[in-house]
Amino acid sequence: MVRQHTKELWVDDLPIGSGLSVNLYDHAGVLLLRAGAPVTPELIAKLRKRGTYTIVCRPTADEPAPEPAGAAGPDDRPETRATYQTDTSRRLDEIVDLAARRGMNWTRRQTPPAPRLVLSNLREELHAAREHHDQAVTRYTDWAGSVIRGAPPDVSGLSDLLLEFVRLIRRDRSIGALASDLQAAPGDYLYQHGVNVAVIALTVATHAGFHQKQVLDAGIGAMLHDIGMLRVPYAIRTAARKLLPEEWMEIERHPIHTADVLDHVPEITPVARLVSYQTHERCDRSGYPRRRPAQYILPLARIVAVADAYVALSSWRPYRVPMSPYKSVERILYETQQGRFDPEAVRAFLNCMSLFPLGSYVRLSNDTVARVFRSNGPLHTRPVVVPLDDNGEETSTEIDLAHDDTVRIVDVLDAPLADAPSPLIASPTAAIVTSA
């Protein structure tokens with residue numbers, strides 16, 4: 001426990017070359033650096049090597065410690081990333097630091113082929129997948145309620161639900177995205193959001209070449225990543241307004257609450273725990289709860305972060321209406337160029353979803369209205385579409401835009417019979433779509 005008038009800081013936040021007006025100690029009380037002495041790269045390297053990820057700054061007199069020069073500003077909310085910790089979050093942070101020193105490399109498995117069911121069979125599977133999706137939301141809701149009430153947890157039922165999604169996705173990778181209900185009516189969205197993020201993450205991780213155990217870890221972590229929100233006051237997490245700074249701090253703490261809840265579920269693997277803990281981290285250190293840079297974020301967590309952002313942007317929230325799936329992808333691409341998301345994770349997402357996400361309605365250059373039904377891997381702007389008839393009903397034919405260069409997508413529609421299409425705007429995709 002840090003004593004009064006002390007403050008914890010991340011080692012990575014120490015301003016190199018500056019002399020601080022406080023003494024720096026480790027958590028055993030050993031003096032690391034006296035007040036006024038400059039912080040050197042050698043000191044930072046030594047602390048990282050010994051596995052020290054936070055240090056204690058203590059004033060030389062009995063007075064509150066001033067904010068060190070170069071440390072996080074008021075908008076960075078250092079209380080969230082340093083001061084507010086639990087035993088569980090400390091253990092997870094230590095695991096992350098160890099993994100980062102060893103290098104968090106992406107899988108090198110070859111991406112498996114993406115099978116395609118014929119359209120009639122795909123529609124049959126979709127009907128079953130949507131029923132399974134609804135069942136998963138109900139099961140997750142019941143499970144979360146039991147865990148929060150302190151009942152003995154059993155994660156095996158959730159694993160079985162996700163394994164069924166994996167089976168469906170392996171038959172045709174379009175199934176997961178098409179079965180998700182992203183724009184359902186507003187309400188208590190927590191459980192539906194978890195299932196939708198899990199299904200998208202399972203799809204991307206499967207076709208990025210991860211082993212099935214890793215895929216399941218991604219799905220479990222994705223489904224449960226927001227369960228800690230149940231420990232955030234209801235009035236805050238459902239507020240239809242901009243949150244006050246202290247209220248937003250409560251939101252930023254929820255991954256730590258999630259870690260504490262899952263610590264009582266021994267069947268959940270360490271990787272799944274870390275995925276749930278790091279889903280809201282961002283590669284430019286703008287995320288939470290620890291403001292971790294890219295090299296400290298698990299590759300599976302980077303995938304789930306993209307899936308979570310896409311589902312959140314495309315879904316109802318108490319404070320806004322959903323964006324269209326296309327606008328959601330545009331937002332993600334913009335934030336990727338700003339350094340927030342991992343480009344490789346975004347490419348993997350686009351390989352499964354395309355630039356015009358599955359389920360979107362589009363207008364083709366021949367004035368045909370169609371629905372996007374399949375992606376075409378790295379050909380993100382040329383998915384497979386199903387034309388609609390004059391009544392807005394899907395026909396029984398497909399147009400593969402990767403093999404038909406006489407037609408292309410020119411507009412994205414909000415609805416199949418929309419009179420005024422939403423014109424495509426210049427999309428900042430080049431750096432993501434064309435990079436190897």
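E344 passes all but one of (1) surrounded by fewer than 24 Cβ atoms within 10 Å (Cβ to Cβ); (2) more than 21 Å from L216 (Cα to Cα); (3) not polar (S, T, N, Q); which number fails?
So the condition that E344 fails would be (2).
Any chance the range 97-116 includes a residue that's surrounded by 14 or more Cβ atoms within 10 Å (Cβ to Cβ) and charged (D, E, K, R)?
yes
Considering every residue within the range 298-311, establish whether at least one is in contact (Cβ under 8 Å) with a residue 40 or more places away in the chain and surrounded by fewer than 19 Cβ atoms within 10 Å (Cβ to Cβ).
So far as the range 298-311 goes, no, none of its residues is in contact (Cβ under 8 Å) with a residue 40 or more places away in the chain and surrounded by fewer than 19 Cβ atoms within 10 Å (Cβ to Cβ).
Before we move on, is E267 among the acidic types (D, E), assigned to a loop (DSSP other than H, G, I, E, B) and under 29 Å from G377 (Cβ atoms)?
When the stated conditions are applied, E267 does not pass them.
Quick one: V311 ticks every box in (1) more than 30 Å from D389 (Cα to Cα); (2) under 15 Å from the mean Cα position of the chain (by Cα) except a single one, so which number is it?
(1)
So F210 ticks every box in (1) among the aromatic types (F, W, Y); (2) more than 16 Å from the chain's Cα centre (by Cα); (3) assigned to a helix (DSSP H, G or I) but one. Which box is left unticked?
(3)
Out of curiosity, is R237 among the charged types (D, E, K, R) and over 14 Å from the mean Cα position of the chain (by Cα)?
Answer is yes for this residue.
How many residues are free of Cβ contacts under 8 Å to residues at least 60 places away in the same chain and over 24 Å from R285 (Cβ atoms) when one looks only at the range 328-360?
Adding up the residues that qualify gives 3.
Would you pick out the residues in the range 276-297 that are out of contact with any Asp or Glu (no Cβ under 6 Å at 6 or more places or on another chain) and free of Cβ contacts under 8 Å to residues at least 60 places away in the same chain?
Selection gives S276, H280, E281, R282, D284, R285, S286, A294.
All of the numbers you see were taken from the coordinates with simple rules; none came from a lab. It should be emphasised that the depicted structure is a prediction, and the values quoted were computed from it without experimental measurement. With ideal geometry, Cβ positions are generated from the backbone for all residues, glycine too; neighbour counts draw on all protein chains shown.
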